[in-house]
Amino acid sequence: MMAILAAASAGAASSPLRLTINGSQLVDPSTSSPLVLRGFNWQIGRTGGDPGALQKQLAPSSTMSRLVGVQWGNTHPLQHNPKKECLTRTPPHFFNEKCFEDLDPWIRSATDAGLWVVLAVRGEYVAGQLYDSDPGTVVFRNATLRAMLCAMWKHVAAHYASFDRIAAFEILSEPRDKSVSASAVRAVYEAGCAAVQTADPRTPCLVGGAPYYKLWTFGEETFLPNTSNVIYTFDYFSPDAFVFGRSGAALVGASAGLGYNASAPPIASYGARYPCSTLYDGWVAQACPSWNLSASDELMFDRGWHAHNLRVFANALKTRHNVPVFMNQFEVVRGVTAAAGRYAYIEDLLALTQQLDIGWAWWTWAGGNSDGWSHGSSEVVFHWPNGSYMVDTAVLAAMRPYW
């Protein structure tokens, strides 16, 4: 009997670390205490050497990194370079094994530093970039492609089943198909979650709404009633004209190609009043009625605005279904000055997520080029070609009280 107990204990001790979902909370197995995922987005090829160690050095209270690294269906026409594309047409896994050569050390950098990892598929085209002109490339409209996605995820999840600190597998980042039905999106998510949980049943899957993880579509249509062990996620590039630093008639930086309205009115500063139609450009029908306002009625763009958005659109799903919720991307670009409210916006938003027990990840952790920071950039760490780097210490200071 003692030998059996010892063997069972050894087996439990050797199991890879996984978060446990307890209602709307995530529980850290090493402490048996609730853990909130708070950290940064990493983009493969842009983080520099050992980003996990640097993140823990600069943001020691951070708990996670969202790794946007499984590039699958991300090129059109399809490429075969594993640094840009992991999708292959070869069964049974439809995955280029060479992609693991880049992914494994990248993930190890995070987990060795004590960070939890959300591993996301970035598939611009399978997620629906050409939904109107080439629907056969879209996983929501192509049953064969959906089966390939599931086969890939089962393979990738099995590969990482022995790694510690995998927080979640994100089935498909930001569905881009603007006319797909919610039921079609849920079908892909349910199949993808089943695939990863077949290979690694202890690791949650992570899903969000269509299109583009918009908060204004985050609700009952996002919920998977037949799937457990799920974290629900949304983006918060809101309002996009402010966070992307509109200048004149164009959006800049991360907004390029992401479906934002370049002709919407600019939003010059935080802490001022704007028409509801300006603050919720493109989503007036979903958002303005939640204030009992018409499109032309003015609202104060301040902490109260964020509080309303998070409580009405994010926290409602969290409390109604008792599930964990995670804000997986937000930013305010460097071109938005302190006087215009860059840091006040960050501090107010994070204070509210702390109150509501909602995790978050800043877009983005690191990048670089030979020209320096631009108006539309948001990297915390900027890598120069010579190997040196500089740090956006003001953003880190704004975040510091809210870890």
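The values are calculated or read from the model by the stated rules, or taken from the named source; none is laboratory data. These numbers were taken from a predicted model, which means no experiment stands behind them. Neighbour counts are summed over all protein chains in view; Cβ atoms, including those assigned to glycine, are modelled from backbone coordinates with ideal geometry. Quick note on the areas: whole protein, heavy atoms, side chains included, nothing else; ligands and nucleic acids left out. Shrake-Rupley method; radii C 1.70, N 1.55, O 1.52, S 1.80 Å.
Some points to look at:
- For the condition in contact with a Gly (Cβ under 8 Å, 6 or more places away or on another chain) and acidic (D, E), E331 does not qualify.
- Condition met for L317 (within 26 Å of A268 (Cα to Cα), assigned to a helix (DSSP H, G or I) and open to solvent by less than 10 Å² (accessible area, probe 1.4 Å)): no
- Selected residue [within 27 Å of G48 (Cβ to Cβ) and free of Cβ contacts under 8 Å to residues at least 24 places away in the same chain] from E124, E97: E97
- Of the listed requirements (1) under 22 Å from the mean Cα position of the chain (by Cα); (2) among the hydrophobic types (A, V, I, L, M, F, W, C); (3) buried (at least 19 other Cβ atoms within 10 Å of the Cβ), F301 misses just one: (1).
- Exclusive hit being modelled with pLDDT of 95 or more and of a type in the set (F, W, Y), set F237, F218: F237
- Set side by side, the residues G335, G376, G387, G368 differ, and just one is touching a residue at least 40 places away in the same chain (Cβ under 8 Å) and at positive phi, which is G368.
- Enumeration of residues in the range 135-158 that are part of a loop (DSSP other than H, G, I, E, B) and touching a residue at least 24 places away in the same chain (Cβ under 8 Å): V138
- When residues of the range 247-284 are limited to those that are assigned to a helix (DSSP H, G or I) and at pLDDT below 95, the one nearest to P211 (Cα to Cα): S255
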